[in-house]
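Nothing in this text is a laboratory measurement; each read-out follows from the coordinates by a stated rule. Values in this document were obtained by computation on a predicted structure and should not be read as measured data. Using ideal geometry, Cβ is built from the backbone for each residue, glycine included, and neighbour counts are taken over all protein chains shown.
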């Protein structure tokens with residue numbers, strides 16, 4: 001598998017994605033399966049809620065953000081593997097027809113103390129709509145491989161995440 | 001809409017969900033749509049990855065967690081409306097056939113300084129598999145209505161989240 005190793009990342013690097021449009025039917029279908037509340041599933045009933053109309057589930061926004069990242073130039077060797085996030089916010093609702101894109105910046109690059117074959121990068125990703133308004137912020141910790149010549153024994157994800165925190 | 005108002009929540013309250021089984025086909029379908037990486041979409045190719053086999057996208061786990069919460073006894077008036085999260089971790093992969101459930105605890109209950117009609121509760125939710133192993137931790141900030149007799153003018157979600165941080 002090719003891609004970027006820990007040694008290829010540096011603080012301040014940025015990555016941008018393409019765009020994905022979120023339509024009304026997908027908002028409702030995602031809502032029906034995972035977040036069945038009126039503001040995600042029913043346009044009429046949504047009007048009398050805090051959202052004042054149909055809005056995507058925040059988890060739908062998060063999932064679309066992941067899709068945008070996977071399709072972007074951020075390509076860690078071994079894949080985009082998240083151990084978790086330090087901060088996560090939805091400052092504004094996502095509406096039917098919105099077109100989303102992401103901007104990411106590397107905040108930290110850190111080899112693992114206990115595993116010579118791995119490291120962590122901290123990446124802040126902002127998801128924006130077509131008006132360049134932020135709809136999601138996340139600061140995620142991603143597990144990244146070190147360059148193979150410097151690798152020792154492979155570890156598994158559970159051991160690695162245990163050590164990361 | 002009925003449900004729990006800010007005044008009905010107290011630090012230390014706990015809520016438990018039912019169970020939801022996550023099957024292989026849904027893991028792959030979610031992966032194909034939102035997180036198209038080998039370890040979420042292809043059993044064979046997944047063996048040579050950090051996960052050592054097919055695993056659900058963390059966003060699928062998060063979405064199922066939301067579904068479990070919506071179906072649980074945690075029923076804030078106005079719905080479960082997340083402003084964001086302070087901490088978010090996936091300590092262990094979710095595998096095909098796993099049965100997930102949630103345990104939630106209220107950590108903080110706080111009226112809004114600027115909006116007499118609203119408040120925030122901080123809730124830690126652990127998602128567990130059928131072996132009682134944690135697969136996700138999240139500490140989320142939920143927007144909750146105050147009891148109507150104490151409400152002033154309604155606000156909208158964007159204003160509210162702006163003020164929450």
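Things worth noting here:
- Gaussian network model of chain A, Cα within-10 Å springs - most flexible of A:87, A:108, A:99: A:87
- For residue B:114, inter-copy label distances in nm, listed shortest first [label point 7 Å out on the Cα-Cβ vector]: 4.4
- Whole-number percent relative contact order across region A:19-108, with pairs defined as alpha carbons under 8 Å at least 6 apart: 39
- Distance between region B:14-60 and region A:39-78 - C-alpha centres, whole angstrom: 19
- For chain B, the longest principal axis of the C-alpha atoms and the axis of helix B:24-34 are separated by about 70°.
- From largest to smallest, the equivalent ellipsoid semi-axes obtained for the protein assembly as shown from the alpha-carbon gyration tensor read 33, 21, 19 Å.
- Net length gained if the chain between residue A:99 and residue A:44 were fully extended (0.36 nm per residue, minus Cα distance): 17.5 nm
- Theoretical gain in end-to-end length, residue B:23 to residue B:147 [0.36 nm per residue, Cα-Cα removed]: 40.6 nm
- Computed over chain B: relative contact order in percent, which uses C-alpha pairs under 8 Å that are six or more apart: 28
- Ratio of the Cα radius of gyration of chain A to 2.2 N^0.38 Å, where N counts its residues: 1.18
- Estimated FRET transfer efficiency when R0 is 22 angstrom, pair residue B:77-residue A:86 (beta carbons, to 0.05): 0.15
- For residue B:48, the point set 7 Å out from Cα toward Cβ sits 5.8 nm from its twins in the other copies, listed from shortest up.
- Largest GNM mean-square fluctuation among A:73, A:117, A:132, using chain A with Cα springs under 10 Å: A:132.
- Shielding by partners for peptide A:85-97, expressed as the average number of C-beta atoms from other protein chains within 10 Å of each residue's C-beta, is 5.
- The angle between the Cα long axis of helix B:58-70 and the longest principal axis of the Cα atoms of chain B comes to about 40 degrees, rounded to the nearest 10.
- A simple spin-label model places the labels of residue B:133 and residue B:11 3.4 nm from each other, with each point 7 Å out along Cα-to-Cβ.
- The rotation axis taking chain B to chain A passes closest to the C-beta of one chain B residue; that residue and the distance in whole Å read B:88, 3.
- Choice from B:82, B:119, B:52 showing the highest fluctuation, given a GNM over chain B with Cα pairs closer than 10 Å: B:52
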